[in-house]
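The values are calculated or read from the model by the stated rules, or taken from the named source; none is laboratory data. Model, not experiment: these values are computed from the prediction. No Cβ is skipped: glycine too gets one built from the backbone with ideal geometry, and neighbour counts run over all protein chains shown. Note: areas computed on protein heavy atoms with side chains; ligands, DNA, RNA excluded. Shrake-Rupley method; radii C 1.70, N 1.55, O 1.52, S 1.80 Å.
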Amino acid sequence: MSEDLFNDLILVNQRIINCKKCSRLAEYIKNVENKKVKRYRTLDYWSKPVCGFGDINAGLIIIGLAPAAHGGNRTGRMFTGDSSGDWLVKVLYQYNFCNQPLSNYINDGLVLNNVYVTSIVKCAPPKNKPLPVEISNCNEYLTKELKLLSKNSKIFLTLGKLAFDDFCNIHNIKFKHGLMYHMDNNKILIVSYHPSKQNTNTKKLTWSMWTNIFKQIRGILV
């Protein structure tokens with residue numbers, strides 16, 4: 001079964017990598033590489049849509065917004081090579097969801113345990129703000145990922161309001177950090193602010209708030 005799941009995810013990932021549905025995003029991720037920031041000027045950029053990664057038998061599915069322009073779009077892996085990735089992998093390591101506290105580049109040896117990380121949009125958007133049509137275009141990929149991972153998944157953690165809205169489309173539930181929502185089939189949705197610099201530098205999301213989320217998750221996934 002795991003082999004079939006792995007092969008099915010490979011097919012979805014191939015479609016993601018080759019996707020050209022959003023001309024604005026396709027142009028933007030190429031332009032980011034052509035106008036590299038100084039600290040990355042000698043590095044090659046991935047500059048293609050970025051797939052999810054992690055344990056395909058995971059109980060925890062983390063859903064972010066999109067790859068960062070100089071993070072996932074550069075390295076080819078979500079939450080890798082940027083400050084959001086630093087926050088995420090540090091807390092995953094603290095709660096035994098991965099083997100190391102750093103996520104710097106795609107071949108750095110990071111292995112996720114019982115967690116799979118993906119996003120609602122697969123290309124880095126300008127100013128981290130995808131258009132509604134771009135979210136809609138990518139929705140088929142997230143839907144397929146979640147369906148393939150559904151056998152073992154138990155908890156979904158959405159990072160940010162856009163990920164929350166796209167995941168559940170339940171209009172009578174308001175976004176609130178720390179919200180836990182019990183879904184059908186004994187699955188649970190947990191909502192968090194995104195660990196972006198905009199939220200962490202302003203203390204909208206503190207380290208204590210962040211670790212409390214994963215303390216909850218670890219308590220459920222015993």
Next on the checklist: Please pick out the residue among T143, T75 that is of a type outside the set (A, V, I, L, M) and surrounded by 15 or more Cβ atoms within 10 Å (Cβ to Cβ).
Outcome noted: T75
Item to check | Per-region count, segment 29-58, residues without any contact (Cβ under 8 Å) to a residue 12 or more places away in the chain and open to solvent by 90 Å² or more (accessible area, probe 1.4 Å) | outcome: 7
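If I filter segment 44-61 for residues that are of a type in the set (D, E, K, R) and over 17 Å from the mean Cα position of the chain (by Cα), do I get at least one hit?
Applying the first criterion (of a type in the set (D, E, K, R)) to segment 44-61 yields 44, 48, 55.
Adding the requirement that they be over 17 Å from the mean Cα position of the chain (by Cα) leaves 44.
Yes, segment 44-61 contains a residue that is of a type in the set (D, E, K, R) and over 17 Å from the mean Cα position of the chain (by Cα).
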Checklist entry - Which ones in segment 27-70 are among the polar types (S, T, N, Q) and not in a loop (DSSP other than H, G, I, E, B)? => result N31, N34
Checklist entry - Which condition number does N199 fail, the rest of (1) surrounded by fewer than 16 Cβ atoms within 10 Å (Cβ to Cβ); (2) free of Cβ contacts under 8 Å to residues at least 24 places away in the same chain; (3) not in a strand (DSSP E or B) being met? => result (1)
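Looking at G85, is it at pLDDT 95 or above and within 16 Å of the chain's Cα centre (by Cα)? Break it down stepwise before answering.
Details: at pLDDT 95 or above: yes; within 16 Å of the chain's Cα centre (by Cα): yes.
Yes, satisfied.
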Checklist entry - Taking the condition farther than 17 Å from I61 by Cβ, touching a strand residue (DSSP E or B) at 6+ places or on another chain (Cβ under 7 Å) and at pLDDT 90 or above, does H194 pass? => result no
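Look through A26, A68 and report the one residue that is modelled with pLDDT of 95 or more, over 25 Å from T158 (Cβ atoms) and surrounded by 12 or more Cβ atoms within 10 Å (Cβ to Cβ). I'd like the intermediate steps shown before the answer.
Working: A68 fails: over 25 Å from T158 (Cβ atoms).
After applying the criteria, what remains is A26.
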Checklist entry - Condition test on L159, is it touching a residue at least 60 places away in the same chain (Cβ under 8 Å), under 15 Å from the mean Cα position of the chain (by Cα) and under 16 Å from A58 (Cβ atoms)? => result yes
Checklist outcome for this item: Expected single match for in contact with a Cys (Cβ under 9 Å, 6 or more places away or on another chain) and either buried (at least 23 other Cβ atoms within 10 Å of the Cβ) or not hydrophobic (A, V, I, L, M, F, W, C) (or both) among P132, P125, P101 is P125
Checklist entry - Can you name every residue in segment 173-196 that is aliphatic (A, V, I, L, M) and either open to solvent by 30 Å² or more (accessible area, probe 1.4 Å) or in contact (Cβ under 8 Å) with a residue 60 or more places away in the chain (or both)? => result I173, L179, M180, M183
